[in-house]
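Please read the structure below before turning to the comments.
The values are calculated or read from the model by the stated rules, or taken from the named source; none is laboratory data. Here the structure is a predicted model, which means the values were calculated and not measured. Positions of Cβ are generated from backbone atoms using ideal geometry, with glycine treated the same way; all protein chains shown enter the neighbour counts. Areas reflect the complete protein model, heavy atoms only, side chains present, ligands, DNA and RNA absent. Shrake-Rupley method; radii C 1.70, N 1.55, O 1.52, S 1.80 Å.
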Amino acid sequence: MYYAQMRKYDIANGLGIRTTLFVSGCTHHCPGCFNQEYQDFKYGTLWDEVAEETFMSYVKNPNVHGVTILGGEPMEQDNHLLQLLERIKKETGKHIWIYSGDTFEKIIKDPAKREILEYCDVLVDGPFIEGLKDLKLRFRGSSNQRILDVKQSLVNNKPILLNLN
């Protein structure tokens, strides 16, 4: 797995102060994507033990409320991402947001993607659609994208919107 960037502190990609990982690699190629260079699976830096330890030190900071994984496309990553999510939950229990160009309905049909999702608390799903771009939306780029409560969605086997109030 490669990553494009990690942010120690981020307030743009989820509620509260978060540590953010932008993974590299995406096959969606959404027109108007704001991270076009991140579509290349070899863009950025190879994920290794040093990167993971650095990232985990950021996550463990008491000022950090949670983690956000985006990209690129997190659902198209190798087992390194799954192992990282397992570690975050085991060592910190912190809230995890994940962004995907896939919809919840598609993710739960794929066992590998569903396994990634099961470690997450919030899913921002759906492809970016340039014609639906809205700069006033919180935490998403186009109005077709949803912010879902993963646990409730999995229990109900259908998308349940997260209450942001």
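A few comments on the model shown:
- The single condition among (1) out of contact with any Gly (no Cβ under 8 Å at 6 or more places or on another chain); (2) more than 22 Å from A12 (Cα to Cα) that V150 does not meet is (2).
- Some residue of the range 99-111 being open to solvent by less than 40 Å² (accessible area, probe 1.4 Å), assigned to a strand (DSSP E or B), farther than 25 Å from N157 by Cβ and in contact with a Pro (Cβ under 9 Å, 6 or more places away or on another chain): no
- Enumeration of residues in the range 69-111 that are of a type in the set (A, V, I, L, M, F, W, C) and farther than 19 Å from L148 by Cα: L81, L82, L84, I88
- Residue check for H28: modelled with pLDDT under 95, in contact with a Pro (Cβ under 8 Å, 6 or more places away or on another chain) and surrounded by fewer than 21 Cβ atoms within 10 Å (Cβ to Cβ): yes
- Residue check, G126 of a type in the set (G, A, S) and open to solvent by 70 Å² or more (accessible area, probe 1.4 Å): no
- The range 69-86, residues that are assigned to a helix (DSSP H, G or I) and within 20 Å of S24 (Cβ to Cβ): P74, M75, E76, N79, H80, L81, L82, Q83, L84, L85
- Taking the range 142-165 as the range and being assigned to a loop (DSSP other than H, G, I, E, B) and open to solvent by 30 Å² or more (accessible area, probe 1.4 Å) as the test, the residues that pass are S143, N144, N157, K158, P159, I160, L162, N163, L164, N165.
- Residue within the range 120-134 that is touching an Asp or Glu at 6+ places or on another chain (Cβ under 6 Å) and not in a loop (DSSP other than H, G, I, E, B) present: no
- Selection count, the range 73-98, where residues are within 12 Å of T20 (Cβ to Cβ) and in contact with a Gly (Cβ under 8 Å, 6 or more places away or on another chain): 2
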